[in-house]
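What follows is one structure encoded as structure tokens, with my remarks underneath.
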Amino acid sequence: MTLPGKNPFPLPSESIVAPSLLSVDFARAGEQITEVLAAGAQILHVDIMDGHFVPNLSMGPPVVDKLRKFTSAPLDVHLMVTDPGFFIEPFAKAGADSLNFHIEACGNGDLGQIDEAKQLIQKIRDLDLGVGITLKPKTPATSIDEVIDLVDFVLVMTVEPGFGGQSFMGDMIPKMQELRGKMRSDQRLEVDGGINAETAKICRNAGADIFVAGNSIFAAPDPAAVTKEILAAVN
């Protein structure tokens with residue numbers, strides 16, 4: 001299968017704000033997406049939940065397909081699912097530019113955790129997409145030591161995944177610092193959960209350079225203004 005791919009990593013060296021569409025007002029999604037992109041957001045973060053790996057359901061490939069037709073902005077699809085391998089091709093076909101999956105979702109079948117993670121990374125690479133690996137708060141940085149060199153970015157969850165609007169977990173800062181110390185300069189460190197201008201600056205000082213923000217942006221009266229505030233805080 002040949003798919004058009006445009007890996008959004010690496011991007012220019014400045015820090016990146018990636019609004020999370022989990023929190024967008026879907027009745028005004030086009031309007032809000034246009035606003036945050038005009039304000040300087042560079043990537044749209046798309047949270048995919050299967051109601052099993054995390055206790056919530058969100059959107060599927062048809063929504064990503066509609067987003068792809070609406071905008072040329074990079075779509076980073078975050079697979080919070082029990083079987084990430086099942087979802088890779090459907091979201092690639094729908095128009096994702098990058099896919100990231102959880103290390104905790106690996107190793108439940110015939111393959112061990114690291115072997116399955118390597119297989120998933122290669123599957124995403126074969127589709128010419130950006131690839132990331134994600135860690136829940138309780139998962140240690142060392143869990144991805146054998147695959148960290150193979151990805152474009154690592155995503156550190158600073159809340160328990162599954163719901164928007166949670167408070168930032170400051171005890172994730174040492175994990176960010178540890179991971180940043182293991183990563184090359186061309187790799188990105190992404191954070192997701194409770195991100196606003198204040199917490200984004202803390203994470204930037206710990207080595208993060210992609211900031212996923214949902215509720216703080218889309219629940220605000222002026223999403224564009226908050227996007228600009230976060231960008232100013234991290235650049």
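Here are a few things to note about the model shown:
- Structure-derived Cα extents along the principal axes in Å: which label, when the choices are [x] 67, 38, 32; [y] 49, 38, 34; [z] 72, 49, 22: [y]
- Cβ crowding within 10 Å, taken as a proxy for footprinting-reagent exposure, orders 22, 155, 37, 127 from fewest neighbours to most as 37, 127, 22, 155.
- Sorted fewest first by neighbouring Cβ atoms within 10 angstrom, 138, 118 come out as 138, 118.
- Length-normalised contact order for the chain - Cα pairs under 8 Å, 6+ apart - percent: 23
- Rounded to the nearest 500, the 222 nm mean residue ellipticity of the chain from helices alone is -10000 deg cm²/dmol, with -39,500 (n - 2.57) taken per DSSP H run of at least 4 residues.
- Positive end of the dipole of region 51-117 (Cβ unit charges, origin at the Cα centre): among 101, 90, 67, the Cα lying farthest that way belongs to 67.
- Fluctuation leader among 186, 97, 65 - the chain, Gaussian network, Cα springs under 10 angstrom: 186
- Taking 140, 84, 19 in turn, the Gaussian network model of the chain (Cα-Cα springs below 10 Å) assigns the largest fluctuation to 140.
- Note on 128, 171: ascending count of other Cβ atoms within 10 Å places them as 171, 128, the fewest first.
- Straight-distance candidates among the aspartates and glutamates for linking to residue 93, with alpha-carbon spacing under 16 Å and chain neighbours fewer than 8 residues away dropped: 65, 76, 126, 128.
- Cross-link pairs beyond the 27 Å C-alpha cut-off, checked among 66/201; 138/201; 69/123; 123/228; 69/118: 66/201; 123/228; 69/118
Values in this text are rule-based calculations from the coordinates and carry no lab data. Remember, predicted model here, so these are calculated numbers, not experimental data. Cβ coordinates were reconstructed from backbone atoms using ideal geometry, including for glycine residues, and neighbour counts include every protein chain displayed.
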